[in-house]
Amino acid sequence: MVAILFFPSCRRKEVKLRMDAIDDRASMPVLDAQEVTTLISDSGVTRFRITSRQWLVFDKAEPSHWEFPEGIYLEQFDQMLQTTATLRSDYAYYDDQAEIWRLTGNVYATNVNGEQFETPELYWSQKDERVYSDSSITITQPPTQAAIQARGDSARGTIIKGIGFESNQDMTKYTIRRPTGIFPIDE
């Protein structure tokens, strides 16, 4: 008799636990993909490749979003599928309603001009086609042709540092809010 009474009570608890898990649907990803590589094309031409060790999609969260907890690596391609720009970070978060990316932890980017950007945090608004940050930023510009001809292999580029910046989404036209830097000057 005791066994019969005990058995139904265990069953009720099991059902309750399952219902609790379903009630917390907002904290559960609808997609948990491992070792992801995806290509993005525009008018039939491959433009970007995104690679990540883990991609989580939270469609019931408020706001709905994507997370890349182990970082993200993005490559931009030209018409000949040559890499023209790169971007990587230790963590990425995408708010799919606001269309804003937040990249954090060792964010490194290279634009089509060969300029390298380093910052601990970077935002990209797809709607506004703008990249920005309030964090420290280091931009390393490659040496000019004149510097290479004058100094050869010892030619250095320009290193610009600052706090906060804003740019177009190609990161080719940018403003640094509080700049400092080393600027080589030909004698």
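The values are calculated or read from the model by the stated rules, or taken from the named source; none is laboratory data. Predicted model, so just to flag it, every value in this text is computed and none were measured. Counting neighbours? That spans all protein chains shown, and the Cβs are built from the backbone with ideal geometry, glycine included. Surface areas here come from the heavy atoms of the whole protein model, side chains and all, with no ligands, DNA or RNA. Shrake-Rupley method; radii C 1.70, N 1.55, O 1.52, S 1.80 Å.
Write out the trypsin sites (Lys or Arg not before Pro) in the range 31-92 meeting two conditions: DSSP loop, and at most 15 other Cβ atoms within 10 Å of their Cβ.
K60
Using a Förster radius of 45 Å, what is the FRET efficiency between A26 and Q169 based on their Cβ-Cβ separation? Nearest 0.05, please.
Here the calculated transfer efficiency is 0.90.
Going 7 Å from the Cα of Y108 along its beta-carbon direction, which residues of the range 66-101 have the amide nitrogen within less than 13 Å of the resulting point?
Under cut-off, by backbone N: 72-74, 86-90.
Summing +1 for each Lys or Arg and -1 for each Asp or Glu, what net charge is found among the other residues whose Cβ lies under 11 Å from the Cβ of L74?
Summing Lys and Arg as +1 and Asp and Glu as -1 gives +2.
What is the extension gain from S41 to S136, computed as 0.36 nm multiplied by their sequence separation minus the C-alpha to C-alpha distance, in nm to one decimal?
Between S41 and S136, full extension yields an extra 31.0 nm.
In what sequence, largest accessible area first, do K161, K173 appear using a 1.4 Å probe?
My answer, sorted largest first, is K173, K161.
If DNA, RNA and ligands are ignored and the probe is 1.4 Å, what is the ranking of W66, W55 by accessible area, most exposed first?
So, going from the largest accessible area down, we get W66, W55.
Express the carbon and sulfur contribution to the solvent-accessible surface of the range 30-140 as a percent, rounded to the nearest whole number, probe 1.4 angstrom.
Carbon with sulfur: 46 percent of the solvent-accessible area.
Within the set of other residues whose C-beta is less than 15 Å from the C-beta of Q34, count the net charge using Lys and Arg as +1 and Asp and Glu as -1.
-3
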